[in-house]
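The values are calculated or read from the model by the stated rules, or taken from the named source; none is laboratory data. Being a predicted model, the structure only gives us computed values, none of them experimental. Don't worry about glycine lacking a Cβ; one is built from the backbone with ideal geometry, like all the others, and counts go over all protein chains shown. When the accessible area is computed, the model is the full protein with side chains, heavy atoms only, and any ligands, DNA or RNA have been set aside. Shrake-Rupley method; radii C 1.70, N 1.55, O 1.52, S 1.80 Å.
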Amino acid sequence: MRRHAAHIMMLLSMILTGVMTGCDHKEIADPSTDEREIKVLFNWDRYPGASPKGMTLYFFPLDSRSRIWRFDIAGRDGGTVSLPDGNYSLVAYNNDLPAVTMSEQTSADAVTASLRVINGVADSSGDLYCATVDKISITPCGVEYTRDSGGCKECPFGLVRALPERRFCNYTVVVRHVEGIGYARRVAVLLDDVASGVRIASDQMCEPGVSLAVDMEILEAENRLEGKSTAFGVLPGRQKFMARLQVVRTDGVALAKEYDVTSQVAGAADPRDVTIVIDSVEIPPPGSPTPPGGDGDDVGIVVGVDGWHVIKIDITT
C-alpha cells in the first residue's frame, strides 16, 4: 500500500514537472497595476451652442506615478480612456483651434494656451474651452472624483462628468458715421494689451501683451464698419487701452488713427463680451497731402485729416 502511494506521488511529480517545463511561463499580473477603462463625459449645458471637433485630455498623477497620460478624442461629448489605478487631476480642452498653441503640459496648473503672434499682432484665438477635475481616484471598485460644486462623487461604473468653461473673450468693434467710407479698400482695428496666453486651468492671463487684429467689414450703405474677434482677455493692471484704426485706401495708401477705449474695455458689463464703439470718423480722400516721399515708411506724419498717420503694412495678406 505504501509502495502504491509512493508510485502515485512520483507520477504526480513527473506530471507537474512536465507542465512547468513544457509550457510558456506566464507572469502573474498584479491587479493593482492593470489599466482600467473609465468614461469621461463633458456636460455642455452652459454652452449648448459649442461645437468643438475634438477634445484633448491630460491626466496628471497625484501620487508616486511619474507618467502623464494624454488622450485625443473626436467630437465634443467625450469617450473612454484606459488608466492604471491611482489618483489624477484632469485638464481637458478642445483641440480644433489652429491659431492656438499649447505648452507647459507638465502639471495641471501649468498648461498654457498661447495666441499665434507675428510682429506683435495676434490672430483670433477661436472659442477655447477648458474642463478640469481636481482629483480622480481610479480603483478596482470604480472611480471617485471631485464635483464642480466641490463635493465628492462615487461611481462604480467608472464614469466622470466634467463641466467645460470658457477661456476666450469676444471683442466686437463698431465704427459709426464714417465719412469717406467709399475710399476704403480694407480696414482693420488693432486692440492693444491683449494677453498673449492664458493658464487654462486657473484662467490666469500671461504676458507679454499683444495687439489683437480685428478685420472690419465695410458696410458702405450704412457708413459703418463692423468686426469681431476672440482672444483670452486683457492683461490685468493696465491703466489704458488703445484701439488703432487702420485703413488701406483705394489708392494703396495705408493710414492709421488711435482711439482711447479704456472706459469701454474696463467698464464692460461682461468682461468676456466687450463691445467697442468708435464714432464719427473721416477718411481723407486719395490725393490728400502726404509727407515728402510719402512711401508709407514714415510713421507719425500727419496727413490731411487730424490724427491720421501714414503707415506701412502688407496689404496682400
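Laid out as a table, the results:
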{"item": "Per residue Cα convex hull volume in Å³ - calculated over segment 214-294", "result": "139 Å³"}
{"item": "Potential lengthening between residue 170 and residue 43 on full extension [0.36 nm per residue; Cα-Cα distance subtracted]", "result": "43.5 nm"}
{"item": "Solvent-accessible area per residue for segment 110-219 (1.4 angstrom probe, square angstrom)", "result": "44 Å²"}
{"item": "Check: segment 116-185 dipole with +1 on Lys, Arg Cβ and -1 on Asp, Glu Cβ, in debye", "result": "140 debye"}
{"item": "Fraction of accessible area attributable to carbon and sulfur, segment 109-261 (%, probe 1.4 Å)", "result": "45 percent"}
{"item": "Area accessible to solvent at residue 275, 1.4 Å probe radius, in Å²", "result": "80 Å²"}
{"item": "Potential lengthening between residue 273 and residue 34 on full extension [0.36 nm per residue; Cα-Cα distance subtracted]", "result": "81.4 nm"}
{"item": "Overall dimensions of segment 137-204 as given by Cα atoms, namely Rg and Dmax in Å", "result": "23.5, 72"}
{"item": "Segment 202-229 versus segment 257-286: alpha-carbon centroid distance in Å", "result": "10 Å"}
{"item": "Rg(Cα) / (2.2 N^0.38 Å) computed for segment 188-251, rounded to two decimals", "result": "1.36"}
{"item": "Extension reserve of the residue 51-residue 64 stretch, reckoned as 0.36 nm per residue once the Cα distance is removed", "result": "1.0 nm"}
{"item": "Label point 7 Å beyond Cα of residue 186 along Cβ direction - residues of segment 246-261 with amide nitrogen under 15 Å", "result": "246-256"}
{"item": "Sorted largest first, extent of segment 53-132 alpha carbons per principal axis (Å)", "result": "46, 26, 15"}
{"item": "Segment 83-242 - percent relative contact order, Cα under 8 Å, separation 6 or more", "result": "24 percent"}
